[in-house]
Structure formats: structure tokens, C-alpha cells
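To start, the structure under review is shown below, and the notes come after it.
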Amino acid sequence: MRRITIMGVINVTPDSFSDGGLFLDPARAVEHAHALIADGAEWLDVGGESSRPGALSVSAAEERARILPVIRALSRAVRVPISIDTTKSEVASAALDEGASLVNDIEAGVHDPQMLPLVARRGAQYCAMHMQGRPRDMQIEPRYHNVLGEVAAFLDERREAAIHAGIEPSRILLDPGIGFGKTLEHNLALLRGLPHLLELGAPLLVGVSRKSFLAKLVESSGRIAPPAQDRAALTLAAELHAARQGAAVIRTHDVRALREAWLVESALSAGAG
């Protein structure tokens, strides 16, 4: 029975695509975190800036004000590791001070030259993600000649950059960035090609939870696309596929459903043949 690590999402934002505003209040965010742990989350990913398509950046001060009370409270109350979802080294540093142990960086250190050295100095884990463009413009006609090859080359380069900066190879995860500067066809190609990305030599973190490409699949069948909060079944199908293809960490809003489905999937696979 191959283990996967389930990472629960905590968006401390007013405008995230799925649950924006629900957990902006720190007390509600902490309460949600405890519920995620009870459902089986083994990692918590706390973010204070929306990365939905079209989202604009917020200041580091605003981001810190949103996430630090949550991370501070959680680090004193729970034993599961806490990840900070940020592109800013100063936010990452403050979060690590409060007890976070992984930096989940959707920009892979490309736009903040202090990010990789900071993570190296602090001995934290680091996840580098691929994104074409930035959230404000990433879904404006994304184009690739070979999406799997280009994403693999980028992730390989960022892994090497992280190692060169002093981050231990065993502390690096890679994320293909499903939904970040990709069309439906690009996302499907990447999910089918996860075994190729495993050849880069780092564990893969995959996040497909409630994303719009799932709704586009429904639309392509002639049905009405469900809103984000009604994409649980679509999400689970994609998450199980990613897990079967070798993803080590699945980042999800629906922790309990994934935990129980993977338990059944693993039991059935163990009895095959």
C-alpha cells in the first residue's frame, strides 16, 4: 500500500476561487485546520494571497497580517507540519519564525532572488511550482510547443537552482502547476505525464482540487459546468489518477474524501493479480 501525503488547504484570503472569505478570520481558519486534521490531513498549507486567474498581488504586510496569527496558533496546537504558500521571502521568513516548515512557492523563486537562499539558511523544505506568467495574466492564451517537456525542463532548472543555493535535495518537492498558465489540454497532458516528471528525482506535489479545467471537462460533454464548491467528485477522480501516477503529496480542499478513496483504491490494488 503506497502512501500519499494529503495536504489540506487553508486560504486566509477574501478572494480565493473556491473558498475566498470563508476563513479570512483567524479563528475560523484555525477551526478549519483542526477539522482538516480530523479528516486526515497530514500537512496544512496556509496562504494569504489568492493565486486564482486574474488575481492581483497584495503587499507583504497584508499577507503577513493574514497568515501569521493562523500559523502562530496552529504551531502551538497541532503536530502536523505547516506549509506557507507564498512567493515573498519576507513573508516566508516570518512564517518560518512562527513554526512553518515548508515554503510552497508558485513562482519557484524566479521573481524573488532572496527566496532560495532564505530557505537554505533556515533548513526548511521547499516546493517549486511551474507557472507560465503570473496569476494576473497566466490564463491569457497560454502556449507551449511541448508542455510536458517545457514544464519538466523548468522544474529541473529550478531544482538545480535550489540545490545550488544550498537547499538539501531531500528537502525539495516539485509541482507541475496544474491550472497555472495552462489550457485544459495542457493540464491533461501533464497529469498523464506525471511518471515522466518523476524522472527529475524529486517527489511531486500535485494540486487539482476544484480547479476550472475539471468544469471544462463537464462542459465538453454538453452539460452545465458545476461551480467550484460542487466539483468534489471531479476533483477526486483527478486526485486518484495523480496518486496512481506517483504523486507523493496531494493538495486538496476535500481531505476526508481523498483519504477514504485512497484507502479503498490501495486495498483493491493490493489484491490485484
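Every number in this text was worked out from the coordinates using simple rules, so none of it is lab data. Computed from a predicted structure; not experimentally measured. Counting neighbours? That spans all protein chains shown, and the Cβs are built from the backbone with ideal geometry, glycine included.
Here the extension length gained between E150 and S220 equals 22.6 nm, from 0.36 nm per residue of separation less the Cα-Cα distance. Divided by 2.2 N^0.38 Å, where N counts the residues, the Cα radius of gyration of region 1-130 comes to 0.99. Run the reach check for K216 against aspartates and glutamates, Cα to Cα strictly under 13 Å, same-chain hits fewer than 8 apart removed. What comes back? List returned: E185.
The trypsin sites (Lys or Arg not before Pro) of region 175-273 that DSSP puts in a loop, and whose beta carbon has at most 12 other beta carbons within 10 Å, are R223.
Can you tell me what the convex hull of the Cα atoms of region 142-257 projects to on average, as an area in nm²?
Working: hull surface 30.9 nm².
Quarter of the Cα hull surface area: 7.7 nm².
At 20 °C and 1.002 mPa s, what whole-number value in µm²/s does Stokes-Einstein give for the translational diffusion of the chain, with Rh from the Kirkwood sum over Cα pairs? Once the numbers are plugged in, D ends up at 115 µm²/s.
Estimated from the Cβ-Cβ distance and a Förster radius of 30 angstrom, the FRET efficiency linking R76 and E199 is about 0.15. For K182, a cut-off of 14 angstrom between C-alpha atoms picks up these aspartates and glutamates, skipping any fewer than 8 places away in its own chain: D137, E141, E150.
Here region 5-270 is assigned +1 on the Cβ of each Lys and Arg and -1 on the Cβ of each Asp and Glu. Its dipole about the Cα centre then comes out at about 220 debye. What's the local net charge at H130, with K and R +1, D and E -1, over the other residues with C-beta under 12 Å away? Spelling it out: positives minus negatives among the neighbours equals -3.
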